[in-house]
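Working notes, beginning with the structure itself.
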Amino acid sequence: MKKNIILLIGMPGCGKTTIGKRLSKELGYKFCDMDSYIEDISKSTVKELFEKSEDYFRDFETRACKELSIIKENIVISSGGGVVKRKENIDYFKENGIIIFIDRPIEDIIKDVDTNSRPLLKDGRSKLYNLYSERYNLYKDYSQYRISNNKDIETVIDYIILEINSNK
């Protein structure tokens, strides 16, 4: 694989973190959850950042993208669902990374997403439909690969590895 960063994008609840952790182990890469990274650099929780404003959070997200995109070691990064709201975030990863859209059916996400733990979903599950219509095409447009997350996790990870290795 030529590029040393794999960035996972997709809707909240699509499986980016779960897949990212397992994928990083399979590849022998490090793993980074971008929300945790943002909490480290901001010294605040994601919820606290959003309480100030969404733009305040997005500024830290952009900083995280810039910093993480220059990492020279092999790493899988699980982004937040809204990383695509600023094109510059994606542009940081284009040169040194592979961007994979984890596409999970919205009905599956709604069945098991915990809206209490996600600041943008505090208004309920119906907000997911709004986010889906706002972001879905951005996920498709900004990714090199679209992987359906509608099978067991091992199958999804095998498919990701097959895709990235077949296009070296």
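The values are calculated or read from the model by the stated rules, or taken from the named source; none is laboratory data. Every value quoted in this text rests on a predicted model; they were computed, and no experiment measured them. Virtual Cβ from ideal backbone geometry, glycine too; neighbours counted across all protein chains shown.
Checking residue 108 against (1) touching a Pro at 6+ places or on another chain (Cβ under 9 Å); (2) in a helix (DSSP H, G or I), which test does it fail?
For residue 108, the exception is condition (1).
Sort through 12, 105 and tell me the only one that's over 21 Å from residue 144 (Cβ atoms) and crowded, with 22+ Cβ neighbours inside 10 Å.
12
Just one of (1) surrounded by fewer than 19 Cβ atoms within 10 Å (Cβ to Cβ); (2) part of a strand (DSSP E or B) trips up residue 32, so point out which.
Condition (1) is where residue 32 drops out.
What are the residues in segment 65-102 that are of a type in the set (Lys, Arg) and surrounded by 19 or more Cβ atoms within 10 Å (Cβ to Cβ), if any?
Selection gives nothing.
Out of all the residues in segment 116-143, which are assigned to a loop (DSSP other than H, G, I, E, B) and either polar (S, T, N, Q) or at pLDDT 75 or above (or both)?
143
Please specify each residue of segment 144-168 satisfying the condition of being among the acidic types (Asp, Glu) and assigned to a helix (DSSP H, G or I).
Matches in segment 144-168: 154, 158, 163.
Scan segment 53-76 residue by residue and report those that are among the aromatic types (Phe, Trp, Tyr) and either farther than 27 Å from residue 95 by Cβ or not in a helix (DSSP H, G or I) (or both).
56
One line per residue, one yes/no per condition, for (1) modelled with pLDDT of 95 or more; (2) touching a Lys or Arg at 6+ places or on another chain (Cβ under 9 Å):
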| position | (1), (2) |
| --- | --- |
| 60 | yes, no |
| 64 | yes, no |
| 74 | no, yes |
| 86 | yes, yes |
| 92 | no, yes |
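Quick one: residue 50 ticks every box in (1) assigned to a loop (DSSP other than H, G, I, E, B); (2) within 24 Å of residue 134 (Cβ to Cβ); (3) hydrophobic (A, V, I, L, M, F, W, C) except a single one, so which number is it?
Among (1) assigned to a loop (DSSP other than H, G, I, E, B); (2) within 24 Å of residue 134 (Cβ to Cβ); (3) hydrophobic (A, V, I, L, M, F, W, C), the lone unmet condition for residue 50 is (1).
All but one of (1) closer than 25 Å to residue 132 by Cβ; (2) assigned to a helix (DSSP H, G or I); (3) out of contact with any Gly (no Cβ under 9 Å at 6 or more places or on another chain) hold for residue 25; which doesn't?
Only one criterion in (1) closer than 25 Å to residue 132 by Cβ; (2) assigned to a helix (DSSP H, G or I); (3) out of contact with any Gly (no Cβ under 9 Å at 6 or more places or on another chain) is unmet by residue 25, namely (1).
Show the residue pairs that are 6+ apart or on different chains and have beta-carbon atoms under 7 Å apart, the first residue being within segment 1-27 and touching a residue at least 24 places away in the same chain (Cβ under 8 Å), the second being among the basic types (Lys, Arg) and in a strand (DSSP E or B).
Between residues of segment 1-27 that are touching a residue at least 24 places away in the same chain (Cβ under 8 Å) and residues that are among the basic types (Lys, Arg) and in a strand (DSSP E or B), the close pairs are 24/30.
Being of a type in the set (Gly, Ala, Ser) and touching a Leu at 6+ places or on another chain (Cβ under 8 Å) narrows it down to one residue among 42, 24; which is it?
Going through 42, 24 in turn, the sole match is 42.
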